[in-house]
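Accompanying notes for the structure given below.
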Amino acid sequence: MSLTLESTAFILGGDIPTKYCCDGGDISPPLHWQGIPEQTQSLVLIIDDPDAPDPRAPKMIWVHWVLFNIPPDCNGILEGAAPPTGTGQGLNDWKNASYGGPCPPIGRHRYFFKLYALDSLLTFGGNPTKGEVESAMRGHILAQAELIGTHQK
């Protein structure tokens, strides 16, 4: 079985409900996964928006949430729940180590929820950036899955 990532809140390519966005409750959506490889030591979840600030002229990838060292026996995150015990949080582009929901300034944006199974734990001296987490993951990815949702204010 391959690694899969899903949400009961929205389907692949579907609209992310407002309650999970900055113009609503700004709580994290429920996520669940399966098919974690046997050798997995940790999981990483990164949520970002490649359409910032305008999908017709994107200039950057906006980071919404970075979680690392998610325990491999964890099979998801409940709606609005804190990350599992032992999980580290990296900095999003609001410079917070927390979830920041979709908040497109203009147009309909895509939000990429990316899950990685790693053969190691990651070590940082604080709250790393997405780039630092991605650098540390290189050469340790066993499997990955992706879920894309969209949102427009």
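The values are calculated or read from the model by the stated rules, or taken from the named source; none is laboratory data. Everything numeric in this text was worked out from a predicted model, so none of it was measured. Please note: Cβ atoms are built from the backbone with ideal geometry, for glycine as well, and neighbour counts cover all protein chains shown.
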Within the stretch 49-79, residues being outside any strand (DSSP E or B) and either farther than 25 Å from Phe124 by Cβ or touching a Leu at 6+ places or on another chain (Cβ under 9 Å) (or both) number 12
Sole residue being in a loop (DSSP other than H, G, I, E, B), of a type outside the set (Phe, Trp, Tyr) and at pLDDT below 95, chosen from Gly107, Gly101, Gly139, Gly126: Gly126
Just a yes or no: is a residue in the stretch 1-22 among the β-branched types (Val, Ile, Thr), part of a strand (DSSP E or B) and crowded, with 19+ Cβ neighbours inside 10 Å? no
Out of all the residues in the stretch 74-109, which are closer than 18 Å to Cys22 by Cα, in contact (Cβ under 8 Å) with a residue 40 or more places away in the chain and surrounded by 17 or more Cβ atoms within 10 Å (Cβ to Cβ)? Tyr99, Gly100, Gly101, Pro102, Cys103, Pro104, His109
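Each row is one residue, and each column tells you yes or no for (1) touching a residue at least 24 places away in the same chain (Cβ under 8 Å); (2) among the polar types (S, T, N, Q); (3) surrounded by fewer than 14 Cβ atoms within 10 Å (Cβ to Cβ); (4) out of contact with any Ser or Thr (no Cβ under 6 Å at 6 or more places or on another chain).
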{"position": "Pro29", "(1), (2), (3), (4)": "yes, no, no, no"}
{"position": "Val44", "(1), (2), (3), (4)": "yes, no, no, yes"}
{"position": "Asp54", "(1), (2), (3), (4)": "yes, no, yes, yes"}
{"position": "Lys59", "(1), (2), (3), (4)": "no, no, yes, yes"}
{"position": "Trp62", "(1), (2), (3), (4)": "yes, no, no, yes"}
